[in-house]
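Colleague: A single structure is presented below for examination.
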Amino acid sequence: MLVNNFRIAGWQNVPVPGETNLPPTRLPFEIIVQRPGRYRHTFNSISENGNEQTITTGLRLCDGQHEAMQDDKEKYYMQVPVSPLDCVLKTEDLAQGIAMTMLLGPPDTHFQPLKSEIADGVHCELYVASFEKHARIRLWLDPQTGWPVRVVAENLNATGKWTPLIEVNEVVINGELPDSLFKLSPPEGYVDLMSNVRSVPIPETTADTVAPSNSQPPEISMQSTGSGHCRDQSLENWHGFILSPDSAVVVWKRTMPKTADDGTPDWLSDIELSWQNGQDSRPLHHHWARPPQPQQWFWSIVKTTDGQPFDRGMIMMTLRSEGCRLSNSIVPLQFPEKTFDQLIRAAEKLLPDKSSGEPLTLQALRALARELR
C-alpha cells in the first residue's frame, strides 16, 4: 500500500521519581505525517534532579513553507520560513525515524511471534521483542493490512510488575487530514519569540544592493541531527541516505584526529562502522565520496562487506579514544529518485570548497558505491 499520510497517537507514562506506589503521569502524544512535506507532532521532555521532575510539553509542525514550534510550559511559540525541500527532508526523518521507532521499536529490535489475539476488535497476531529481562515491546499486527493496531513498550518496575511506558492505541493510514492540522494556532497569552526579530526594519534593496542573506530560507539546513562529546572529542552526523540495496551515503564530522605517518590527519582513526539489526553486527566498507576537510561535513559511502542488502537496522558509527567511547546510530533515509537528486544538488551548493574532488551528484555517488568492494 502506498502511504500518503498517517496518524499515530497514544500515551507516554512517566513514573514519579522515588514513588513506586503512585500512578505515573500520563502524557498524550500524536504524530501526523502528510507526504511529501507536512507534519505535526507533539513532544514530551522529562528532566529529573533527584526527586524533582520537570515535564515540558509542546508541538512542532510544518505546513510545507513554514516550520513552527510551541512550548506549553514556557508559553511561547515561534514560526520561521523553510524551503519545501527542507520540509520534505524533515517530514521523512520524522516518518522513517521517530514514527517508525514508535511503532516498531528501535531499528535493532527483533520481534518474535507469540500468539493470535483480538485487539480493539481486530483479529491480530501478537509479537514480542525482549530487551534483556526487564523491558519488552508488544505489538498487535493486523495480518490483513500489515499495520500495527496497538503497541505497548513496558518494563519491570521495582515491585516486579510490567509497567507501560509507551502505549500506541491509534494508527490511521491514508485518512482525511484537514489543512488546519498543519497551521499553528497558539493559545491566547502565548508569546511570539520572533516578534522582536520581525520588528527590526530591513533596508530596501535596489539594483545596486544585495538582498539580505536571511530574505529566503536555504534549500536545506545542514544542522546536526545526532552528536556525542567526550573530553576533547566530538562525533556528529547530519543524515544517512540509501544509495542502493547494499550501500548508503553518510554525512558526518568529527574533531581533529591523530595524524598518519605522512603527517596528514587520519580521519578514520579510532572509527568503527557497522550495520546493526538486533540479531547481528555486520562490518561496513568505507570510501570517501569527497576528500575530508577540517570543520566541514564529511561525505562517506558505506557498503555491506558481505554484499547482502540492508534490512531494517541502523548504521552504527563509533569513535574510541583514550577514556572515551562515542556512538551515533544513523537510520539511512530512502527517497524517490527525483527528490534524492534534489537533496544532493542542494547539499552540493553548500560545500565551502567546490574545487576539492569531483562534483557531488547522485550519479557520482552511485558510481563510487558500485566500485566499492
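Where a number appears in this text, it was derived from the coordinates with a stated rule and is not lab data. Values in this document were obtained by computation on a predicted structure and should not be read as measured data. Here Cβ is always computed from backbone atoms with ideal geometry, including for glycine, and neighbour counts include all displayed protein chains.
Colleague: For region 294-368, calculate the relative contact order in percent as a whole number, restricting contacts to Cα pairs under 8 Å that are 6 or more residues apart.
Modeller: Reported as a whole number, the value is 21 percent.
Colleague: Could I ask something else about it? Report, for the chain, the % of DSSP beta bridges that are antiparallel, rounded to 5.
Modeller: 95 percent
Colleague: Using just the helices of the chain, give the 222 nm mean residue ellipticity in deg cm²/dmol: DSSP H runs with n ≥ 4 each add -39,500 (n - 2.57), and the total is spread over all residues, rounded to 500.
Modeller: Roughly -3000 deg cm²/dmol at 222 nm, from the helical runs in the chain.
Colleague: While we're here: Among the GluC sites (Glu not before Pro) in region 288-373, which ones are in a DSSP loop with at most 13 other Cβ atoms within 10 Å of the Cβ? Mind listing them?
Modeller: Filter output for region 288-373: E322.
Colleague: Loop-only check: which GluC sites (Glu not before Pro) in region 1-64 are DSSP coil with at most 14 other Cβ within 10 angstrom?
Modeller: E19
Colleague: Just to check, using Stokes-Einstein with a Kirkwood Rh over alpha carbon pairs, what's the diffusion coefficient of region 5-173 at 4 °C and 1.567 mPa s in µm²/s?
Modeller: 74 µm²/s
Colleague: To the nearest 20 Debye, how big is the dipole of the chain about its Cα centre, given +1 on the beta carbon of each Lys and Arg and -1 on that of each Asp and Glu?
Modeller: Dipole size: approximately 400 debye.
Colleague: Let me ask another. Return the label of the correct value of mean projected area of the Cα convex hull in nm², as calculated from the structure shown, out of (i) 20.5; (ii) 30.9; (iii) 24.5.
Modeller: Correct label, based on the coordinates given: (iii).
Colleague: Could you work out the relative contact order of region 226-371, using alpha carbon pairs under 8 angstrom and six or more residues apart, expressed as a whole percent?
Modeller: So the answer I get is 26 percent.
Colleague: Given a cut-off of under 8 Å on Cα pairs at least six residues apart, what relative contact order in percent is computed for the chain?
Modeller: Relative CO of the chain lands at 13 percent.
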